[in-house]
Amino acid sequence: MSVGALVAGAAGRPTLSFELFPPRSPAAADALHDTVARLAATGPDFLSVTHGAGGGTRDAGCDLLRHVRRHTGAAALAHITCVGATRRQVVDLAERFLAAGVRDVLAVRGDPPAGRVSEPAPGDAVRRACDLVELLHVADRHHRLAGAPGTPVPPLTVAVAAFPSSRRAEDLRALRAKQDAGASFAITQVCYSAREYADFTERARAAGITLPLLPGVIPTTDPARLLRLQQLTGVPVPVDLLASLEAAAEHGDAARHRTGTRYGQALARDLLAAGAPGLHLYTFNSAPAALDLLEGAHLGAGTRTVPSSAGRPQASAVPHHAALAAGGSR
């Protein structure tokens, strides 16, 4: 079953997924393989691997994708960005993934690499995520035509980014364009509020967006990491969360971790109650905090049930519950 079908509710339960980024050294790779094993033991539906069309982590990203596919039972969701990339570069990378059997990708516009001041010539550049989605489907059609006749090929899943904290109409228009280009579902930027997620879902449905909207969640135990993410994405960390972490830290790191974990567990439960089709955890390549959060999220085999709305078009049925994609990627 494809990742797109799972997120759309075909399995009859919420999905679970984790995001990883390529290691930057052999020692980091060994540690990351241990993290992958620990995360895979929870039975996730997919592991996403951040990846660029022309960045310096291309080879490391491909290595990590191969490791996930060989050593876990989870699908591997490969990231492809298009900013600063030519159509040829995107097609080459897509063909490389398709030839390796990857059928699930996350297509994001991305942000320019640090220090880059120029872009490809206008006629050769892929500038928008919706154009990237369309180009991936073109590459997939070519791949199918080049394959052996009669050989079954699973459907291509193309996930995209969504921004629940944004109130800009242009972001909803961009998401609708990605849907029209053939996106399968959307993963949101880091989300701290189930009410915000439900409000965003209602606005998206009103704009004609029917994609399942999978919320991105970060373990809320490390205030320094939360503030760094705020700088990167522009999504503010809730003031009450920072205050509670600061107060708990006076009693030691363990107390701070417990406080942050309780916050994350409550958020996860409220997101599922608000109709989220699953949870996508940004791990920062570390397992402990993510696993602690899941202990209280009610995603065990005996409790995996999909809420009636499940992040799909029944916006009127979505209740309001309070509680890495990059900030510029659309």
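The values are calculated or read from the model by the stated rules, or taken from the named source; none is laboratory data. The structure displayed is predicted, hence computed values, not measured ones. Glycine also receives a Cβ, built like all others from the backbone with ideal geometry; neighbour counts cover every protein chain displayed.
Taking the residues in the range 82-100 that are buried (at least 18 other Cβ atoms within 10 Å of the Cβ) and outside any helix (DSSP H, G or I) as candidates, determine which candidate is farthest from the chain's Cα centre (by Cα). Per the stated criteria, the residue is Thr86. Screening Met1 on (1) surrounded by fewer than 20 Cβ atoms within 10 Å (Cβ to Cβ); (2) in contact with a strand residue (DSSP E or B) (Cβ under 7 Å, 6 or more places away or on another chain) shows it passes everything except condition (2).
Does Thr81 satisfy being modelled with pLDDT of 85 or more and of a type in the set (Ser, Thr, Tyr)? Yes. Does at least one position in the range 62-76 carry a residue that is within 17 Å of Ala40 (Cβ to Cβ), of a type outside the set (Lys, Arg) and touching a Ser or Thr at 6+ places or on another chain (Cβ under 6 Å)? No, the range 62-76 has no match at all. Scanning the range 211-227 for residues that are in contact with a helix residue (DSSP H, G or I) (Cβ under 7 Å, 6 or more places away or on another chain) and closer than 26 Å to Leu132 by Cα yields Leu211, Pro212, Leu213, Leu214, Pro215, Val217. With respect to Leu214, is the statement that it is under 22 Å from Ile80 (Cα atoms), aliphatic (A, V, I, L, M) and either buried (at least 24 other Cβ atoms within 10 Å of the Cβ) or in contact with a strand residue (DSSP E or B) (Cβ under 8 Å, 6 or more places away or on another chain) (or both) true? So Leu214 passes the test. The residue that is surrounded by the most Cβ atoms within 10 Å (Cβ to Cβ), among those in the range 217-240 that are part of a helix (DSSP H, G or I) and polar (S, T, N, Q), is Thr233.
Restricting the search to the range 135-155, which residues are surrounded by fewer than 23 Cβ atoms within 10 Å (Cβ to Cβ) and of a type in the set (A, V, I, L, M, F, W, C)? Passing the criteria: Leu135, Val138, Ala139, Leu145, Ala146, Ala148, Val153. Residue under question is Arg168, and the condition is that it be more than 23 Å from Arg66 (Cα to Cα), of a type in the set (Lys, Arg), at pLDDT 90 or above and in contact with a helix residue (DSSP H, G or I) (Cβ under 8 Å, 6 or more places away or on another chain); does it hold? No: the conditions fail for Arg168.
When Ala146 is tested against the conditions (1) within 16 Å of Gly4 (Cβ to Cβ); (2) modelled with pLDDT under 95, the lone failure is (1).
Of the residues Leu293, Leu271, Leu299, the single one that is modelled with pLDDT of 95 or more and crowded, with 18+ Cβ neighbours inside 10 Å is Leu271.
Residues in the range 4-35 that are assigned to a helix (DSSP H, G or I), under 16 Å from the mean Cα position of the chain (by Cα) and surrounded by 18 or more Cβ atoms within 10 Å (Cβ to Cβ): 3 in all.
A quick yes/no check of all residues on (1) among the hydrophobic types (A, V, I, L, M, F, W, C); (2) at pLDDT 90 or above:
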| residue | (1), (2) |
| --- | --- |
| Ala11 | yes, no |
| Glu19 | no, yes |
| Pro22 | no, yes |
| Leu32 | yes, yes |
| Asp45 | no, yes |
| Gly56 | no, no |
| Asp59 | no, no |
| Ala74 | yes, yes |
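Scanning the range 141-198 for residues that are among the small types (Gly, Ala, Ser), assigned to a loop (DSSP other than H, G, I, E, B) and within 15 Å of the chain's Cα centre (by Cα) yields a total of 2. From the list Ala198, Ala243, Ala181, Ala247, the one residue that fits, being buried (at least 23 other Cβ atoms within 10 Å of the Cβ) and modelled with pLDDT of 95 or more, is Ala198.
Checking each residue in the range 178-217 for being basic (Lys, Arg) and touching a Pro at 6+ places or on another chain (Cβ under 7 Å) picks out only Arg205.
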